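Here the structure is laid out as structure tokens; the discussion comes afterwards.
The values are calculated or read from the model by the stated rules, or taken from the named source; none is laboratory data. Note that the structure is a prediction, hence the values are computed from the model and not measured. Don't worry about glycine lacking a Cβ; one is built from the backbone with ideal geometry, like all the others, and counts go over all protein chains shown.
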Amino acid sequence: MSILDAIIIAIVEGLTEFLPISSTGHMIITEKLLNVPDDDFTKLFTVGIQLGAILSVIVLYWKKFISPFTAGKSGIQFYLKLLVAVLPALGLGFIFSDKIDELLESSLVVAITMIAGGVVLLFIDNVFNKPEITEEPQISFPKAFLIGLWQCVAMIPGVSRSAASIIGGMQQKLTRNLAAEFSFFLAVPTMAAATGYKLLKGYKTITPENIKLFAIGNVVAFVVAMLAIKFFIGFLQKRGFKLFGYYRIIGGIVLLVLIAAGVISR
């Protein structure tokens with residue numbers, strides 16, 4: 001992997017991590033188009049640069065993340081809700097880790113799930129259109145756990161973690177904006193755990209040159225993710241999810257065509 005490859009992949013990660021279009025799916029496609037070797041380090045890099053995206057959430061919502069020191073009990077409950085919500089992903093991610101790695105190699109799986117997820121997004125605003133919960137303190141622990149279960153669907157490549165958890169939030173009567181913000185908050189422990197686990201398993205593939213690639217990738221992902229989050233919240237308030245649904249469907253069809261033409265491997 002070259003420095004340019006690392007920068008391009010990191011831009012894709014930053015742009016797509018918090019949008020409901022699947023960052024993993026986009027990075028898989030990007031790596032195949034760039035002819036990046038499908039080796040252990042590439043898989044590690046794909047997960048490792050999520051640290052930059054995680055940091056962007058903490059910086060943008062820093063008041064929320066220091067709330068245990070400023071808001072007392074409600075701040076502590078915020079962290080406890082994240083803990084409850086992340087438990088399903090931690091358990092299932094550990095159990096199915098090897099199977100997930102196998103699916104990460106399949107462009108066909110990404111294409112199918114991109115299209116299926118797009119169809120869901122076309123109708124999601126109409127299905128869950130009577131929100132009752134407008135602020136994070138109103139989210140109960142059972143609701144947080146159920147949102148965490150929804151997030152687990154995103155273990156299938158091409159299923160957006162952001163989309164799955166946002167849909168879970170809306171299904172639990174959260175407003176669109178609150179569901180999106182809680183999805184961002186939940187990304188922090190979820191992605192931190194996934195990244196830490198991958199780094200622990202694959203640290204032997206890290207060389208001084210690879211460390212430089214990690215550093216560059218995380219800086220790029222951090223900056224781009226901050227811009228993407230700001231855009232997404234503003235767009236969501238005005239337009240909803242339909243445009244993302246059309247994008248996923250078109251993207252999935254284009255990917256199927258590229259696979260059929262032999263441009264991208266299955």
Qualifying residue in region 221-237 (condition: at pLDDT below 85, closer than 30 Å to residue 37 by Cα and within 14 Å of the chain's Cα centre (by Cα)): no
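Please work out which residue is nearest to residue 16 (Cα to Cα), limiting yourself to region 26-40 and to residues that are surrounded by fewer than 20 Cβ atoms within 10 Å (Cβ to Cβ) and touching a helix residue (DSSP H, G or I) at 6+ places or on another chain (Cβ under 6 Å).
First, the residues of region 26-40 that are surrounded by fewer than 20 Cβ atoms within 10 Å (Cβ to Cβ): 30, 32-35, 37-40.
Subsequent filtering for residues that are touching a helix residue (DSSP H, G or I) at 6+ places or on another chain (Cβ under 6 Å) retains 30, 34, 40.
Numbers: 30: 12, 34: 18, 40: 22 Å.
Among them, the one singled out is 30.
Just to be sure before I move on: is residue 141 in contact with a strand residue (DSSP E or B) (Cβ under 9 Å, 6 or more places away or on another chain) and within 24 Å of residue 74 (Cβ to Cβ) in the structure I sent?
Details: in contact with a strand residue (DSSP E or B) (Cβ under 9 Å, 6 or more places away or on another chain): no; within 24 Å of residue 74 (Cβ to Cβ): yes.
Here the answer is no, as residue 141 does not meet what is asked.
Among the residues of region 246-262, is any of a type in the set (A, V, I, L, M, F, W, C) and closer than 25 Å to residue 84 by Cα?
Here is the first cut: in region 246-262, the residues of a type in the set (A, V, I, L, M, F, W, C) are 249-250, 253-261.
After this cut, where a residue has to be closer than 25 Å to residue 84 by Cα as well, the list is none.
Taking every residue of region 246-262 in turn, none turns out to be of a type in the set (A, V, I, L, M, F, W, C) and closer than 25 Å to residue 84 by Cα.
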Being touching a Pro at 6+ places or on another chain (Cβ under 7 Å), buried (at least 18 other Cβ atoms within 10 Å of the Cβ) and at pLDDT 90 or above narrows it down to one residue among 168, 148; which is it? 148
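When you go through 213, 174 one by one, which is the residue that is touching a Pro at 6+ places or on another chain (Cβ under 7 Å), of a type outside the set (Asp, Glu), crowded, with 18+ Cβ neighbours inside 10 Å and over 16 Å from residue 22 (Cβ atoms)?
Result: 174 is the single residue among 213, 174 that is touching a Pro at 6+ places or on another chain (Cβ under 7 Å), of a type outside the set (Asp, Glu), crowded, with 18+ Cβ neighbours inside 10 Å and over 16 Å from residue 22 (Cβ atoms).
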For residue 45, only one of the following conditions fails: (1) surrounded by fewer than 19 Cβ atoms within 10 Å (Cβ to Cβ); (2) at pLDDT 85 or above. What is its number? (1)
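With the structure loaded, tell me whether residue 70 is crowded, with 20+ Cβ neighbours inside 10 Å, out of contact with any Asp or Glu (no Cβ under 6 Å at 6 or more places or on another chain) and not hydrophobic (A, V, I, L, M, F, W, C) or whether it fails that test.
Working: crowded, with 20+ Cβ neighbours inside 10 Å: no; out of contact with any Asp or Glu (no Cβ under 6 Å at 6 or more places or on another chain): yes; not hydrophobic (A, V, I, L, M, F, W, C): yes.
Criteria not met by residue 70.
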Would it be correct to say that residue 53 is modelled with pLDDT of 85 or more, closer than 17 Å to residue 157 by Cα and surrounded by 15 or more Cβ atoms within 10 Å (Cβ to Cβ)? no
Mind listing whichever residues of region 66-86 are without any contact (Cβ under 8 Å) to a residue 40 or more places away in the chain and closer than 24 Å to residue 229 by Cα? 66, 67, 68, 75, 79
Given the conditions (1) farther than 16 Å from residue 57 by Cβ; (2) of a type in the set (Phe, Trp, Tyr); (3) buried (at least 19 other Cβ atoms within 10 Å of the Cβ), and given that residue 184 satisfies all but one, which numbered condition is not satisfied? (1)
